[in-house]
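Take a look at the structure below.
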Amino acid sequence: MRRFNGFTIIEMLFVIVIIGIGMSIAVPSFQGMLERNRLATQANDLSMAISLARSEASRLGKVVSLQAAGGIVGNEFGAGYCIVIGSPGDCGSPTQVLKRFPALQGAGTLAGVDVGSAKNAGNWESPRTSIAFNSLGGLNEDGQFRYLDLCLQGQLGRRIAINMMGRPKVWRKAEPGDPTPSVQPSC
């Protein structure tokens, strides 16, 4: 009797089952990684927009605003935002807009928050649709910090704190075992 080299059907089925089990474990983890990367990218884009607004205010020697392009209360900046000359600005004005940023992708929200009694928290009255920077690049507001919460369903949120000098800082929600940051997003 001749002996043939190759795989039996049982061996092939066994390999297919192992691959299926591996994929069922890997795919959900990969999707979570994609969502976390999307959240980090959106937070970085917002930090870059804030830095650009500050530098344009200094360069032009005028008040420049990061202005919501629409949105609703609780997601003011989620529909997109722009950098405009003046305060408050108008994202619909072609002569005043310096740069536009698109709406958030996915089910994310980007809202201005008033954290109340915290030091330098301020009383950012609703609607929270504009953050103005003076010719020195600092906040042109009432000398109080501004906070934006970036949230994505099923993920830990990010809080972007803008200090009186106009510098943004991104905080993430603490995971179990992490030291708790002083600023927590309310997602």
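The values are calculated or read from the model by the stated rules, or taken from the named source; none is laboratory data. What you are looking at is a predicted structure, and each value in this text was computed from that prediction instead of being measured. Because the Cβ atoms are built from the backbone with ideal geometry, glycine has one as well, and the counts that use them run over all protein chains shown.
Side notes on the structure shown:
- Unique match (being out of contact with any Phe, Trp or Tyr (no Cβ under 6 Å at 6 or more places or on another chain), part of a helix (DSSP H, G or I) and surrounded by fewer than 10 Cβ atoms within 10 Å (Cβ to Cβ)) among 24, 47: 24
- Only a single criterion out of (1) outside any helix (DSSP H, G or I); (2) at pLDDT below 85 is not satisfied by residue 66, namely (2).
- Verdict on residue 40 being crowded, with 21+ Cβ neighbours inside 10 Å and in a helix (DSSP H, G or I): no
- Residues that are aliphatic (A, V, I, L, M) and part of a loop (DSSP other than H, G, I, E, B), drawn from the stretch 123-152: 136
- For the stretch 79-92, residues that are more than 16 Å from residue 63 (Cα to Cα) and outside any strand (DSSP E or B) total 3.
- In the stretch 23-41, the residues that are of a type in the set (A, V, I, L, M) and under 14 Å from residue 157 (Cβ atoms): 39, 40
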